[in-house]
1. If the viscosity is 1.306 mPa s and the temperature 10 °C, what translational diffusion coefficient in µm²/s does Stokes-Einstein give for segment 28-78 when Rh comes from Kirkwood over Cα pairs?
2. For a Förster distance of 22 Å, can you work out the FRET efficiency between the beta-carbons of Ala52 and Arg13, rounded to the nearest 0.05?
3. To the nearest 20 debye, what charge dipole does the chain have about its Cα centre, counting +1 at the Cβ of each Lys and Arg and -1 at the Cβ of each Asp and Glu?
4. Quick one: give the max-minus-min coordinate of the C-alpha atoms of the chain along each principal axis, largest first, in Å.
5. Assuming R0 = 25 Å, can you tell me the calculated FRET efficiency for the pair Ala37 and Leu79, based on Cβ-Cβ distance, to the nearest 0.05?
6. With the other protein chains left in place, how much accessible area per residue, in square angstrom, belongs to the chain at a 1.4 angstrom probe?
7. Along the positive direction of the dipole of segment 1-81 (beta-carbon charges: Lys, Arg +1; Asp, Glu -1; about the Cα centre), which of Thr63, Pro36, Ala77 reaches farthest?
Amino acid sequence: MPDGIGGDDARGRIVEKIEQVAAWYAEQIRAERRRPAPTPDRVARLLAERAACVDALRDLPETTGEELGRIEADYDARLSEITGA
């Protein structure tokens, strides 16, 4: 299959983006928990977002076509948001 949406190269790019976002959430969870007074709601939200990343990675092998494009766009946006790029 050619590179692009649905190709192995595209899937690899998407996996990398999801893993980067998941790592950011994991770091935020650790940082929040180290605070003298962690905010339970923030920890819960961060845990839910990280779990969504894990779910996306789990489901990715069965995902094709337009859905892959949507997932990539979503994680591109998340990366831009968390990195300020």
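The values are calculated or read from the model by the stated rules, or taken from the named source; none is laboratory data. Being a predicted model, the structure only gives us computed values, none of them experimental. Counting neighbours? That spans all protein chains shown, and the Cβs are built from the backbone with ideal geometry, glycine included. The protein model used for the area step is the full one, side chains on, heavy atoms only, and it has no ligands, DNA or RNA in it. Shrake-Rupley method; radii C 1.70, N 1.55, O 1.52, S 1.80 Å.
1. The Stokes-Einstein estimate is 126 µm²/s.
2. Between Ala52 and Arg13 the formula returns 0.75.
3. 700
4. Result for the chain: principal-axis Cα extents of 52, 26, 15 Å.
5. Rounded to the nearest 0.05, the efficiency is 0.30.
6. With all protein chains present, the chain gives 64 Å² per residue.
7. Of Thr63, Pro36, Ala77, it is Pro36.
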